[in-house]
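Below is one structure; the comments refer to it alone.
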Amino acid sequence: MSGLPENEARRGWMGLLARAPAERLAVLMPDLPAHDLLRRPEIGAVMVRGRTGATGAPFNLGEMSVTRCSVRLEGGAVGHAHVQGRDKSHALRAAVTDALLQTEAAAGLRAAVLEPLAAEESERRALRARKAAATRSSFFTMVRGEDA
């Protein structure tokens, strides 16, 4: 089970790359190294499932477009990506980044790509939470004479 922490780290960066705005990833990773396409970026659909009350019985919510891609770098590292939507360049860039993060270039990429993306995602979530908190309503009931 020694590969478990590595799998968790990879799951984390793959999710971050998939959620990142495509334009921002393109700015952070403008030049891609030489790579072979194992699976060209292709668009498909997946069924999104939900749960009643977040814990109840699962149900099919609907379909969502996704784009997937797989690449191999010259050194042999293989990268994969699944991104929401129909942006083939986003899927390609995320797959190449996944492959690069499995090489000796990982430390530099974490600082140059992953850390800025994580900070920006955290700020987007905090902004969304502040907007939601601003619309929160608190209801209270005063004790009436006949209830006493």
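Each reported figure results from applying straightforward, stated rules to the coordinates on display, with no laboratory input. This is a predicted model, so every value here is computed, not measured. No Cβ is skipped: glycine too gets one built from the backbone with ideal geometry, and neighbour counts run over all protein chains shown.
In loop segments of the range 55-148 as defined by DSSP, the chymotrypsin sites (Phe, Trp or Tyr not before Pro) with at most 15 further C-beta atoms inside 10 Å of their C-beta are 139, 140.
For the chain, the ratio of Cα radius of gyration to the globular rule of thumb 2.2 N^0.38 Å stands at 1.43. For the chain, the 222 nm mean residue ellipticity estimated from helices alone, with every DSSP H stretch of n ≥ 4 adding -39500 (n - 2.57) and the total spread over all residues, rounds to -12500 deg cm²/dmol.
For the chain, a crude dipole built from +1 on the beta carbon of Lys and Arg and -1 on the beta carbon of Asp and Glu, taken about the Cα centre, is about 440 debye to the nearest 20. Principal-axis analysis of the Cα atoms of the chain puts helix 115-134 at an angle of about 20° to the longest axis.
Among the trypsin sites (Lys or Arg not before Pro) within the range 30-116, those in coil by DSSP and having at most 13 neighbouring Cβ atoms inside 10 Å are 86.
Between 50, 79, 12, the Gaussian network model of the chain with springs among Cα atoms under 10 angstrom shows the greatest mean-square fluctuation at 50. Sparse packing (at most 12 other Cβ atoms within 10 Å of the Cβ) combined with a DSSP loop state is found for the following GluC sites (Glu not before Pro) in the range 12-87: 74.
With a Cα-only, solvent-free Debye model of the range 1-74, what are the log10 I(q)/I(0) values at q = 0.11, 0.22, 0.24, 0.27 Å⁻¹? Relative scattering, expressed as log10 I(q)/I(0), comes to -0.47, -1.21, -1.22, -1.21. With respect to the chain, whose longest principal axis is taken over its alpha-carbon atoms, helix 88-100 is tilted by about 70°. Grab the beta carbon distance between residue 120 and residue 86, set R0 = 25 Å, and tell me the FRET efficiency rounded to 0.05. So the FRET efficiency works out to roughly 0.65.
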